[in-house]
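Enquirer: Quick one: structure below, then a few questions.
The values are calculated or read from the model by the stated rules, or taken from the named source; none is laboratory data. Every value quoted in this text rests on a predicted model; they were computed, and no experiment measured them. Cβ placement follows ideal geometry from the backbone for every residue including glycine, while neighbour counts extend to all protein chains displayed. In case anyone asks, the SASA skips ligands and DNA or RNA and just uses the protein heavy atoms, side chains included. Shrake-Rupley method; radii C 1.70, N 1.55, O 1.52, S 1.80 Å.
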Amino acid sequence: MHISRRKFFCGIAVGAAAGAAASDLEELVQAAPGSRSSASPSEKTIRLDMNVNPDGPSPRVLKVIRENPEMVNKYPDGEYGPLVEQIARFHKVRPGQVTIGDGSREILRMAANAYLPGGKKLVLASPTFEPMAGFAKQTEAEVAPVPLNKRFAHDLDAMLHQTTAPAALVYICNPNNPTGSLTPRKDIEDFLKKLPPNVMVLIDEAYHEYVGPSSDYASFIDHPVDDKRVIVVRTFSKIYGLAGLRLGYAVSSEEVSLKLSSLRLERGVNILGVLAAAAALDDSDYVRLSFKKNADARQEFYNQTNVRMLRQVDSLTNFVFMKTGLPSSQVIEHFRRNNIILGPLVPQMDRYVRVTVGTREDMREFWRVWELRPAGSHNMASNQ
Ligand SMILES: Cc1ncc(COP(=O)(O)O)c(C=O)c1O
(Lines give C-alpha, C1' and ligand atoms only; values in the text may rest on other atoms or scores of the structure.)
Protein backbone atom coordinates (compact mmCIF):
# COMPACT_ATOMS: atom_id res chain seq x y z
CA MET A 1 0.00 0.00 0.00
CA HIS A 2 1.44 3.32 -0.99
CA ILE A 3 0.04 6.66 0.00
CA SER A 4 1.98 9.61 -1.29
CA ARG A 5 3.11 12.20 1.22
CA ARG A 6 0.83 14.70 -0.42
CA LYS A 7 -2.14 12.38 -0.34
CA PHE A 8 -1.43 11.55 3.26
CA PHE A 9 -1.53 15.18 4.33
CA CYS A 10 -4.58 15.77 2.15
CA GLY A 11 -6.34 12.99 3.98
CA ILE A 12 -5.56 14.45 7.35
CA ALA A 13 -6.68 17.89 6.27
CA VAL A 14 -9.92 16.55 4.83
CA GLY A 15 -10.61 14.68 8.02
CA ALA A 16 -10.05 17.83 9.98
CA ALA A 17 -12.20 20.02 7.80
CA ALA A 18 -15.46 19.69 9.72
CA GLY A 19 -16.51 20.69 13.18
CA ALA A 20 -15.80 23.42 15.67
CA ALA A 21 -12.02 23.41 15.32
CA ALA A 22 -12.01 22.90 11.61
CA SER A 23 -11.44 26.46 10.55
CA ASP A 24 -8.41 26.84 12.80
CA LEU A 25 -6.73 23.68 11.65
CA GLU A 26 -7.74 24.43 8.10
CA GLU A 27 -6.15 27.85 8.31
CA LEU A 28 -2.91 26.40 9.64
CA VAL A 29 -2.82 23.76 6.92
CA GLN A 30 -3.62 26.27 4.18
CA ALA A 31 -0.84 28.54 5.36
CA ALA A 32 1.71 25.77 4.85
CA PRO A 33 3.69 25.73 1.60
CA GLY A 34 2.43 23.02 -0.80
CA SER A 35 -0.79 22.74 1.17
CA ARG A 36 -3.73 20.70 0.00
CA SER A 37 -5.56 23.64 -1.54
CA SER A 38 -4.79 22.51 -5.09
CA ALA A 39 -5.73 18.84 -4.57
CA SER A 40 -8.62 17.51 -6.58
CA PRO A 41 -11.26 15.49 -4.72
CA SER A 42 -10.18 12.27 -6.44
CA GLU A 43 -6.75 12.60 -4.86
CA LYS A 44 -8.05 12.65 -1.31
CA THR A 45 -7.42 9.72 0.93
CA ILE A 46 -9.67 9.35 3.96
CA ARG A 47 -7.84 7.87 6.91
CA LEU A 48 -10.19 5.81 9.04
CA ASP A 49 -7.36 3.71 10.42
CA MET A 50 -5.64 5.78 13.10
CA ASN A 51 -8.37 6.43 15.68
CA VAL A 52 -7.46 10.09 15.95
CA ASN A 53 -9.80 12.99 16.62
CA PRO A 54 -11.02 13.95 13.12
CA ASP A 55 -11.20 17.62 14.11
CA GLY A 56 -7.62 17.72 15.36
CA PRO A 57 -6.62 19.68 18.46
CA SER A 58 -8.60 22.52 20.00
CA PRO A 59 -8.32 26.09 18.70
CA ARG A 60 -6.51 27.04 21.90
CA VAL A 61 -3.91 24.34 21.30
CA LEU A 62 -3.47 25.35 17.68
CA LYS A 63 -2.88 28.91 18.83
CA VAL A 64 -0.04 27.75 21.08
CA ILE A 65 1.50 25.79 18.20
CA ARG A 66 1.18 28.77 15.88
CA GLU A 67 2.66 31.18 18.40
CA ASN A 68 5.77 29.16 19.18
CA PRO A 69 7.55 28.45 15.89
CA GLU A 70 10.93 29.46 17.31
CA MET A 71 10.73 26.50 19.68
CA VAL A 72 11.51 24.04 16.90
CA ASN A 73 15.12 25.23 16.96
CA LYS A 74 15.52 24.42 20.63
CA TYR A 75 16.24 21.21 22.53
CA PRO A 76 13.76 20.46 25.28
CA ASP A 77 15.46 21.56 28.46
CA GLY A 78 13.43 22.73 31.41
CA GLU A 79 10.05 22.14 29.74
CA TYR A 80 9.29 18.63 30.98
CA GLY A 81 9.04 19.56 34.67
CA PRO A 82 6.10 21.99 34.38
CA LEU A 83 4.13 19.55 32.22
CA VAL A 84 4.75 16.71 34.65
CA GLU A 85 3.57 18.95 37.49
CA GLN A 86 0.49 19.95 35.53
CA ILE A 87 -0.39 16.32 34.78
CA ALA A 88 0.15 15.50 38.45
CA ARG A 89 -2.19 18.34 39.53
CA PHE A 90 -4.74 17.25 36.93
CA HIS A 91 -4.82 13.73 38.37
CA LYS A 92 -4.20 14.71 42.01
CA VAL A 93 -1.04 12.62 42.24
CA ARG A 94 2.56 13.52 43.07
CA PRO A 95 4.82 14.64 40.19
CA GLY A 96 7.14 11.75 41.00
CA GLN A 97 4.35 9.38 39.96
CA VAL A 98 4.17 10.75 36.41
CA THR A 99 6.36 9.47 33.57
CA ILE A 100 6.13 11.17 30.19
CA GLY A 101 7.03 9.47 26.95
CA ASP A 102 7.40 10.06 23.23
CA GLY A 103 3.82 8.91 22.74
CA SER A 104 2.33 6.33 25.07
CA ARG A 105 3.97 3.75 22.84
CA GLU A 106 7.27 4.75 24.38
CA ILE A 107 5.81 4.05 27.82
CA LEU A 108 4.76 0.58 26.67
CA ARG A 109 8.31 0.00 25.41
CA MET A 110 9.77 1.29 28.71
CA ALA A 111 7.55 -1.11 30.65
CA ALA A 112 8.61 -4.03 28.45
CA ASN A 113 12.27 -3.08 28.91
CA ALA A 114 11.84 -2.61 32.64
CA TYR A 115 10.07 -5.87 33.44
CA LEU A 116 10.56 -8.43 30.70
CA PRO A 117 14.25 -9.00 29.93
CA GLY A 118 15.79 -12.22 31.19
CA GLY A 119 13.28 -14.70 29.82
CA LYS A 120 10.13 -13.26 31.44
CA LYS A 121 6.58 -13.51 30.11
CA LEU A 122 4.01 -10.94 29.00
CA VAL A 123 0.33 -11.87 29.34
CA LEU A 124 -2.17 -9.97 27.20
CA ALA A 125 -5.45 -10.33 25.36
CA SER A 126 -5.93 -11.45 21.81
CA PRO A 127 -6.68 -9.37 19.88
CA THR A 128 -5.36 -6.26 21.56
CA PHE A 129 -3.08 -3.32 20.75
CA GLU A 130 -0.37 -5.13 18.78
CA PRO A 131 2.76 -3.07 19.54
CA MET A 132 2.83 -4.26 23.15
CA ALA A 133 3.61 -7.83 22.06
CA GLY A 134 6.20 -6.45 19.64
CA PHE A 135 8.01 -4.59 22.42
CA ALA A 136 7.98 -7.74 24.56
CA LYS A 137 9.47 -9.80 21.73
CA GLN A 138 12.26 -7.26 21.34
CA THR A 139 13.31 -8.16 24.89
CA GLU A 140 13.06 -11.87 23.92
CA ALA A 141 10.27 -12.35 26.41
CA GLU A 142 7.65 -15.03 25.96
CA VAL A 143 4.26 -13.65 24.90
CA ALA A 144 1.07 -15.33 26.13
CA PRO A 145 -2.00 -14.11 24.24
CA VAL A 146 -5.35 -15.01 25.80
CA PRO A 147 -8.48 -14.74 23.60
CA LEU A 148 -11.08 -12.18 24.62
CA ASN A 149 -14.23 -13.70 26.10
CA LYS A 150 -17.64 -13.80 24.42
CA ARG A 151 -18.41 -10.26 25.55
CA PHE A 152 -15.14 -9.07 23.97
CA ALA A 153 -13.76 -8.35 27.44
CA HIS A 154 -10.41 -9.60 28.73
CA ASP A 155 -10.77 -13.18 29.94
CA LEU A 156 -9.16 -12.40 33.25
CA ASP A 157 -9.57 -15.90 34.72
CA ALA A 158 -7.73 -17.39 31.78
CA MET A 159 -5.14 -14.61 31.97
CA LEU A 160 -4.64 -15.32 35.66
CA HIS A 161 -3.71 -18.91 34.81
CA GLN A 162 -0.93 -17.53 32.67
CA THR A 163 0.56 -15.40 35.42
CA THR A 164 2.68 -18.05 37.08
CA ALA A 165 6.48 -17.69 36.69
CA PRO A 166 8.10 -16.47 34.49
CA ALA A 167 5.19 -14.01 34.00
CA ALA A 168 6.25 -10.49 34.96
CA LEU A 169 3.85 -8.15 33.16
CA VAL A 170 0.17 -8.16 32.24
CA TYR A 171 -1.17 -5.72 29.65
CA ILE A 172 -4.83 -4.72 29.89
CA CYS A 173 -6.11 -2.34 27.24
CA ASN A 174 -9.35 -0.80 28.50
CA PRO A 175 -11.32 -0.04 26.40
CA ASN A 176 -9.61 -2.49 24.14
CA ASN A 177 -8.18 -1.76 20.71
CA PRO A 178 -9.23 -3.09 18.14
CA THR A 179 -12.59 -4.15 19.58
CA GLY A 180 -13.56 -0.91 21.38
CA SER A 181 -15.02 -3.01 24.20
CA LEU A 182 -14.78 -2.66 27.98
CA THR A 183 -13.49 -5.03 30.59
CA PRO A 184 -15.52 -4.35 33.75
CA ARG A 185 -13.70 -2.47 36.48
CA LYS A 186 -14.80 -4.92 39.15
CA ASP A 187 -13.31 -7.86 37.23
CA ILE A 188 -9.97 -6.08 36.99
CA GLU A 189 -10.05 -5.32 40.73
CA ASP A 190 -10.76 -9.01 41.50
CA PHE A 191 -7.98 -10.02 39.14
CA LEU A 192 -5.51 -7.73 40.95
CA LYS A 193 -6.41 -9.35 44.27
CA LYS A 194 -5.52 -12.80 42.96
CA LEU A 195 -2.43 -11.83 40.99
CA PRO A 196 0.99 -13.14 42.18
CA PRO A 197 2.81 -10.32 44.04
CA ASN A 198 5.69 -9.90 41.63
CA VAL A 199 3.61 -9.43 38.46
CA MET A 200 3.14 -5.87 37.19
CA VAL A 201 -0.02 -4.74 35.42
CA LEU A 202 -0.10 -2.06 32.76
CA ILE A 203 -3.58 -0.65 32.13
CA ASP A 204 -3.71 1.22 28.84
CA GLU A 205 -6.40 3.91 28.98
CA ALA A 206 -5.65 5.47 25.57
CA TYR A 207 -9.39 5.86 24.85
CA HIS A 208 -10.47 6.82 28.38
CA GLU A 209 -11.90 10.21 27.38
CA TYR A 210 -14.33 8.56 24.96
CA VAL A 211 -15.88 6.14 27.46
CA GLY A 212 -18.45 8.36 29.17
CA PRO A 213 -20.55 7.33 32.16
CA SER A 214 -20.69 3.57 32.61
CA SER A 215 -21.26 1.49 35.72
CA ASP A 216 -18.66 -0.95 34.36
CA TYR A 217 -15.93 1.60 34.02
CA ALA A 218 -13.76 3.81 36.20
CA SER A 219 -10.26 4.90 35.35
CA PHE A 220 -7.49 3.46 37.49
CA ILE A 221 -5.96 6.94 37.62
CA ASP A 222 -9.09 8.80 38.70
CA HIS A 223 -10.11 5.99 41.07
CA PRO A 224 -6.82 4.40 42.03
CA VAL A 225 -6.37 1.14 43.84
CA ASP A 226 -3.69 0.91 46.49
CA ASP A 227 -1.44 -1.36 44.47
CA LYS A 228 2.14 -0.55 43.51
CA ARG A 229 2.06 -3.03 40.65
CA VAL A 230 -0.37 -0.94 38.62
CA ILE A 231 0.86 1.37 35.86
CA VAL A 232 -1.82 3.37 34.03
CA VAL A 233 -1.08 4.84 30.62
CA ARG A 234 -2.76 7.75 28.80
CA THR A 235 -2.06 9.56 25.55
CA PHE A 236 -2.52 12.97 23.95
CA SER A 237 -2.90 11.26 20.56
CA LYS A 238 -6.61 10.51 20.68
CA ILE A 239 -9.24 12.95 21.93
CA TYR A 240 -6.67 15.74 22.35
CA GLY A 241 -5.80 15.51 18.65
CA LEU A 242 -2.02 15.56 19.05
CA ALA A 243 -0.92 12.22 17.57
CA GLY A 244 1.74 13.84 15.41
CA LEU A 245 3.34 15.63 18.33
CA ARG A 246 3.88 12.33 20.19
CA LEU A 247 3.11 12.61 23.85
CA GLY A 248 1.89 10.06 26.33
CA TYR A 249 2.32 9.45 30.02
CA ALA A 250 2.03 6.93 32.79
CA VAL A 251 0.85 7.27 36.36
CA SER A 252 2.31 4.74 38.77
CA SER A 253 4.06 4.53 42.13
CA GLU A 254 7.11 6.80 42.41
CA GLU A 255 9.40 3.79 42.53
CA VAL A 256 8.00 2.41 39.29
CA SER A 257 8.07 5.83 37.65
CA LEU A 258 11.79 6.15 38.44
CA LYS A 259 12.41 2.78 36.85
CA LEU A 260 10.40 3.64 33.74
CA SER A 261 11.94 7.11 33.36
CA SER A 262 15.43 5.67 33.48
CA LEU A 263 14.59 3.92 30.21
CA ARG A 264 13.31 7.00 28.43
CA LEU A 265 15.17 8.33 25.45
CA GLU A 266 16.97 11.45 26.65
CA ARG A 267 15.14 14.59 25.41
CA GLY A 268 12.93 12.22 23.42
CA VAL A 269 9.70 14.10 24.06
CA ASN A 270 9.41 17.01 21.68
CA ILE A 271 9.11 20.54 22.86
CA LEU A 272 6.06 21.62 20.85
CA GLY A 273 4.30 18.48 22.05
CA VAL A 274 4.95 19.54 25.62
CA LEU A 275 3.55 23.06 25.06
CA ALA A 276 0.57 21.76 23.12
CA ALA A 277 -0.22 19.08 25.70
CA ALA A 278 -0.16 21.66 28.50
CA ALA A 279 -2.73 23.76 26.62
CA ALA A 280 -4.80 20.69 25.73
CA LEU A 281 -5.05 19.52 29.31
CA ASP A 282 -6.43 22.93 30.27
CA ASP A 283 -9.13 22.87 27.61
CA SER A 284 -11.70 20.56 29.14
CA ASP A 285 -14.54 22.17 27.12
CA TYR A 286 -12.96 20.88 23.94
CA VAL A 287 -12.68 17.37 25.35
CA ARG A 288 -16.38 17.48 26.24
CA LEU A 289 -17.27 18.75 22.77
CA SER A 290 -15.18 16.06 21.06
CA PHE A 291 -16.70 13.38 23.28
CA LYS A 292 -20.20 14.49 22.33
CA LYS A 293 -19.45 14.74 18.62
CA ASN A 294 -17.91 11.28 18.66
CA ALA A 295 -20.84 9.77 20.58
CA ASP A 296 -23.30 11.27 18.07
CA ALA A 297 -21.27 10.17 15.05
CA ARG A 298 -20.84 6.68 16.48
CA GLN A 299 -24.60 6.44 17.03
CA GLU A 300 -25.17 7.50 13.45
CA PHE A 301 -22.73 4.78 12.39
CA TYR A 302 -24.80 2.22 14.31
CA ASN A 303 -27.95 3.54 12.62
CA GLN A 304 -26.30 2.89 9.28
CA THR A 305 -25.21 -0.62 10.24
CA ASN A 306 -28.75 -1.37 11.50
CA VAL A 307 -30.29 -0.31 8.23
CA ARG A 308 -27.96 -2.74 6.47
CA MET A 309 -28.47 -5.52 9.02
CA LEU A 310 -24.84 -5.43 9.96
CA ARG A 311 -23.49 -5.76 13.46
CA GLN A 312 -20.60 -4.40 15.47
CA VAL A 313 -18.99 -4.78 18.84
CA ASP A 314 -20.39 -2.14 21.23
CA SER A 315 -17.78 0.56 21.26
CA LEU A 316 -16.76 2.91 24.05
CA THR A 317 -14.15 4.54 21.82
CA ASN A 318 -13.81 6.60 18.65
CA PHE A 319 -13.72 3.53 16.42
CA VAL A 320 -16.07 0.67 15.68
CA PHE A 321 -15.19 -2.97 15.12
CA MET A 322 -17.76 -3.87 12.52
CA LYS A 323 -18.74 -7.37 11.49
CA THR A 324 -18.90 -7.36 7.74
CA GLY A 325 -19.40 -11.08 7.20
CA LEU A 326 -16.79 -10.85 4.47
CA PRO A 327 -13.09 -11.64 4.60
CA SER A 328 -11.61 -8.46 6.07
CA SER A 329 -8.71 -8.49 3.62
CA GLN A 330 -11.24 -8.06 0.79
CA VAL A 331 -13.11 -5.31 2.55
CA ILE A 332 -9.94 -3.43 3.47
CA GLU A 333 -8.68 -3.73 -0.11
CA HIS A 334 -12.01 -2.61 -1.56
CA PHE A 335 -11.94 0.53 0.58
CA ARG A 336 -8.27 1.14 -0.16
CA ARG A 337 -8.97 1.10 -3.88
CA ASN A 338 -11.60 3.73 -3.18
CA ASN A 339 -9.20 5.92 -1.21
CA ILE A 340 -10.37 4.99 2.27
CA ILE A 341 -7.90 3.40 4.65
CA LEU A 342 -9.39 1.15 7.33
CA GLY A 343 -7.68 -0.36 10.37
CA PRO A 344 -5.27 -3.22 9.80
CA LEU A 345 -6.27 -6.84 9.38
CA VAL A 346 -7.01 -8.61 12.67
CA PRO A 347 -6.31 -12.27 11.86
CA GLN A 348 -8.06 -13.54 15.02
CA MET A 349 -11.34 -11.94 13.89
CA ASP A 350 -11.10 -11.99 10.17
CA ARG A 351 -14.69 -10.99 9.38
CA TYR A 352 -14.40 -7.68 11.20
CA VAL A 353 -12.94 -4.36 10.17
CA ARG A 354 -11.97 -1.50 12.45
CA VAL A 355 -13.37 1.83 11.33
CA THR A 356 -12.37 5.12 12.96
CA VAL A 357 -15.37 7.39 13.45
CA GLY A 358 -14.51 10.29 11.17
CA THR A 359 -16.20 13.50 10.13
CA ARG A 360 -19.73 13.45 8.73
CA GLU A 361 -18.31 13.74 5.20
CA ASP A 362 -15.86 10.90 5.81
CA MET A 363 -18.62 8.64 7.04
CA ARG A 364 -20.92 9.53 4.19
CA GLU A 365 -18.13 8.53 1.82
CA PHE A 366 -17.52 5.36 3.83
CA TRP A 367 -21.12 4.21 3.31
CA ARG A 368 -21.09 5.24 -0.34
CA VAL A 369 -18.02 3.06 -0.86
CA TRP A 370 -19.56 0.24 1.19
CA GLU A 371 -22.44 0.15 -1.31
CA LEU A 372 -19.93 -0.21 -4.14
CA ARG A 373 -18.56 -3.51 -2.89
CA PRO A 374 -18.50 -6.30 -5.47
CA ALA A 375 -21.78 -7.96 -6.47
CA GLY A 376 -22.75 -10.92 -4.32
CA SER A 377 -21.11 -9.64 -1.17
CA HIS A 378 -24.34 -8.11 0.17
CA ASN A 379 -25.94 -11.48 0.78
CA MET A 380 -22.80 -12.85 2.32
CA ALA A 381 -22.68 -9.90 4.68
CA SER A 382 -26.28 -9.93 5.84
CA ASN A 383 -26.36 -13.68 6.33
CA GLN A 384 -23.53 -13.79 8.84
C1 LIG B 1 -4.59 1.23 22.90
C2 LIG B 1 -3.52 2.14 22.43
N3 LIG B 1 -2.48 2.39 23.21
C4 LIG B 1 -1.50 3.20 22.84
C5 LIG B 1 -1.52 3.80 21.59
C6 LIG B 1 -0.35 4.62 21.20
O7 LIG B 1 -0.60 5.94 21.21
P8 LIG B 1 0.56 7.01 21.15
O9 LIG B 1 1.88 6.33 21.06
O10 LIG B 1 0.26 7.83 19.97
O11 LIG B 1 0.43 7.76 22.45
C12 LIG B 1 -2.58 3.58 20.73
C13 LIG B 1 -2.60 4.19 19.40
O14 LIG B 1 -3.37 3.91 18.53
C15 LIG B 1 -3.61 2.72 21.16
O16 LIG B 1 -4.65 2.45 20.37
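Enquirer: Could you calculate the FRET efficiency of N198 with R94 from 1/(1 + (r/R0)^6), where r is the beta carbon distance between them and R0 is 30 Å, rounded to 0.05?
Expert: The formula returns an efficiency of 0.80 here.
Enquirer: Using DSSP to call loops (not H, G, I, E or B), can you name the GluC sites (Glu not before Pro) in the range 179-282 whose Cβ has at most 12 other Cβ atoms within 10 angstrom?
Expert: Passing sites in the range 179-282 are E266.
Enquirer: Next up: Given only helices, namely DSSP H runs of n ≥ 4 each adding -39500 (n - 2.57), what is the per-residue ellipticity at 222 nm of the chain, to the nearest 500 deg cm²/dmol?
Expert: Only helices count here, giving -11500 deg cm²/dmol.
Enquirer: Right, here's the next one. Rounded to the nearest 0.05, what FRET efficiency do S329 and E70 have when you use their Cβ-Cβ distance and R0 = 41 Å? Let's see the in-between values first.
Expert: On the way: r = 47 Å, r/R0 = 1.15.
E between S329 and E70, to the nearest 0.05, is 0.30.
Enquirer: What value in Å³ per residue do you get for the convex hull of the alpha-carbon atoms in the chain?
Expert: 137 Å³
Enquirer: Give me the 1.4 Å probe accessible area per residue for the chain, excluding ligands and nucleic acids, in Å².
Expert: 46 Å²
Enquirer: Next up: Mean shadow of the range 168-226, computed from the convex hull of its alpha carbons, in nm²?
Expert: 4.2 nm²
Enquirer: Please give the charge dipole size of the range 75-282, origin at the Cα centre, charges +1 on K and R Cβ atoms and -1 on D and E Cβ atoms. Round to the nearest 20 debye.
Expert: My answer is approximately 240 debye.
Enquirer: While we're here: Give me the percent of accessible area attributable to carbon and sulfur for the range 117-272, probe 1.4 angstrom.
Expert: 53 percent
Enquirer: Taking the Cα centre of the range 199-240 as the origin, how large is its charge dipole in debye, to the nearest 20, when only Lys and Arg (+1) and Asp and Glu (-1) carry charge on their Cβ atoms?
Expert: 160 debye
Enquirer: Can I ask one more? With the cut-off at 30 Å, tell me which of the pairs K150/K193; K259/K293; K44/K74; K194/K292 have Cα atoms farther apart than that.
Expert: As for pairs spanning more than 30 Å Cα to Cα, those are K259/K293; K44/K74; K194/K292.
Enquirer: Something else about it: Sequence gap at least 6, Cα distance under 8 Å: using those rules, report the relative contact order of the chain to the nearest whole percent.
Expert: Reported relative contact order: 21 percent.
Enquirer: Identify, among L148, I188, H161, the residue whose Cα sits farthest towards the positive end of the charge dipole of the range 75-282, taking +1 on the Cβ of Lys and Arg and -1 on the Cβ of Asp and Glu, with the dipole about the Cα centre.
Expert: H161
Enquirer: Further question: Among V369, S315, F301, which residue has its Cα positioned farthest towards the positive end of the charge dipole of the chain, with +1 placed on the Cβ of Lys and Arg, -1 on the Cβ of Asp and Glu, and the dipole taken about the Cα centre?
Expert: V369
Enquirer: To the nearest 20 Debye, how big is the dipole of the chain about its Cα centre, given +1 on the beta carbon of each Lys and Arg and -1 on that of each Asp and Glu? Don't skip to the answer; put the middle values down first.
Expert: Details: 47 positive and 43 negative charges, 161 e Å.
The calculation lands at about 780 debye.
Enquirer: Shifting gears a bit: Starting from the amide H of Y217, placed 1.01 Å from N in the peptide plane, find each other amide H under 5 Å away whose residue is 5 or more places distant or on another chain.
Expert: R185
Enquirer: Another one. Which one, A279, V269, N338, is farthest towards the positive end of the dipole of the chain when Lys and Arg carry +1 and Asp and Glu -1 on their Cβ?
Expert: N338
Enquirer: Sticking with this structure for a sec: Got the relative contact order for the range 249-384 handy, in percent, Cα pairs under 8 Å and 6 or more residues apart?
Expert: That works out to 20 percent.
Enquirer: Just subtract the alpha-carbon distance of Q299 and S215 from 0.36 nm times their residue separation and send over the number in nm, one decimal.
Expert: Between Q299 and S215, full extension yields an extra 28.3 nm.
Enquirer: Which whole number in µm²/s is D for the range 75-282 by Stokes-Einstein, with the Kirkwood Rh taken over Cα pairs at 20 °C and 1.002 mPa s? Working shown, then result.
Expert: On the way: Rh = 17.0 Å.
Rounded, D is 126 µm²/s.
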